[in-house]
Amino acid sequence: MIDASSNTCNFARFDYTEINRIDPINLKNCPGEKGQPMINPAIDSEFLRYLLAQGCVPGAKLPSLGEISDEIGISMGKLREQFEVARVLGLVEASPRRGIRCLPYSFAPAVRLSLMAALALDGAAFRAYSTLRIHLEMAFWDEAVALLTDEDKAELRRLVQAAHAKLNTERIQIPYPEHRAFHLVIYRRLANPFVLGLLEAYWDGYEAVELSTYADYAYLQEVWSYHERIAGAIQAGDTQLGKELLVQHMQLIDKMGVSHEIPDTFKELQGVAA
């Protein structure tokens, strides 16, 4: 448990059989220990609590469902239902040869599933999610670019070259994989799985609403002209110019019929009338 009345963190072994409860905590001086939960999570699933108690170390092999069922005391039917939830959340995978193994934590599977449900109910929901994505990319731009390595910068240039090659062939191809990769490469060094998960889910939604399947040729050329200039600004160490180009680039999707809400502060940055 974490003692909120002191400046120290006292960690007790996590017991998945305990009643779920979130205690008042003081996080200021309690950064937590790797693999050790800060609190007993309020999760109504015996299997998920069991999984967290094991530490959910990526690559770790879990016992069979039969053994887990005996250990935590729930029926196989209920366990299978709870296991499927964990699988959909991207926490575990199962195969006949490899058995059940833990996966690295990713926020993307949960967000992706919810976003796909939202789009199935109302395709216009993508507009709202696009606005969220714009705010995220702008807010984390400076931090993300500062973390990029020389290898990352070279990859951005390679993606631009690959996209131009697709656009300049006799049978033109839409460089959607390169478009997705270009943006995700910029942010991939962030030590924030929630930002990364939200951005990854955006591109799944982009594909789901079929923005990846057709675009005006002039639009695609303009998009990749911006990408080339953004990559150049990053390579030159001009983070501010890169952000300004990103703002301009974000407005291009309006030409595809999806309007975006550009934050006022960044409109002012570009001299765009709010």
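List of remarks:
- Of everything in region 202-243 that is under 24 Å from residue 143 (Cβ atoms), among the hydroxyl-bearing types (Ser, Thr, Tyr) and under 23 Å from the mean Cα position of the chain (by Cα), the residue that is surrounded by the most Cβ atoms within 10 Å (Cβ to Cβ) is 202.
- Some residue of region 95-110 being out of contact with any Ser or Thr (no Cβ under 9 Å at 6 or more places or on another chain), of a type in the set (A, V, I, L, M) and assigned to a strand (DSSP E or B): no
- Qualifying residue in region 197-210 (condition: under 22 Å from residue 127 (Cα atoms), part of a loop (DSSP other than H, G, I, E, B) and small (Gly, Ala, Ser)): no
- In region 130-139, the count of residues that are without any contact (Cβ under 8 Å) to a residue 60 or more places away in the chain, under 22 Å from residue 246 (Cβ atoms) and in a helix (DSSP H, G or I) is one or more.
- Options 171, 80; residue that is over 21 Å from residue 246 (Cα atoms) and assigned to a helix (DSSP H, G or I): 80
- Filtered residues of region 180-239 (kept if within 22 Å of residue 113 (Cβ to Cβ), aromatic (Phe, Trp, Tyr) and out of contact with any His (no Cβ under 8 Å at 6 or more places or on another chain)): 187, 194, 202, 206
- Scanning region 168-192 for residues that are surrounded by 17 or more Cβ atoms within 10 Å (Cβ to Cβ) and out of contact with any Asp or Glu (no Cβ under 6 Å at 6 or more places or on another chain) yields 174, 175, 176, 178, 179, 180, 181, 182, 183, 186, 187.
- Filter pass, residue 246 being surrounded by 17 or more Cβ atoms within 10 Å (Cβ to Cβ), under 22 Å from the mean Cα position of the chain (by Cα), within 18 Å of residue 137 (Cβ to Cβ) and at pLDDT below 90: no
- Residues in region 48-105 that are hydroxyl-bearing (Ser, Thr, Tyr), touching a residue at least 24 places away in the same chain (Cβ under 8 Å) and buried (at least 17 other Cβ atoms within 10 Å of the Cβ): 50 alone.
- Options 143, 200, 170, 155; residue that is among the charged types (D, E, K, R) and modelled with pLDDT under 90: 170
The values are calculated or read from the model by the stated rules, or taken from the named source; none is laboratory data. Everything numeric here is computed off the predicted structure, so don't read it as measured data. Note that we place each Cβ from the backbone using ideal geometry, even for glycine, and neighbour counts take in every protein chain shown.
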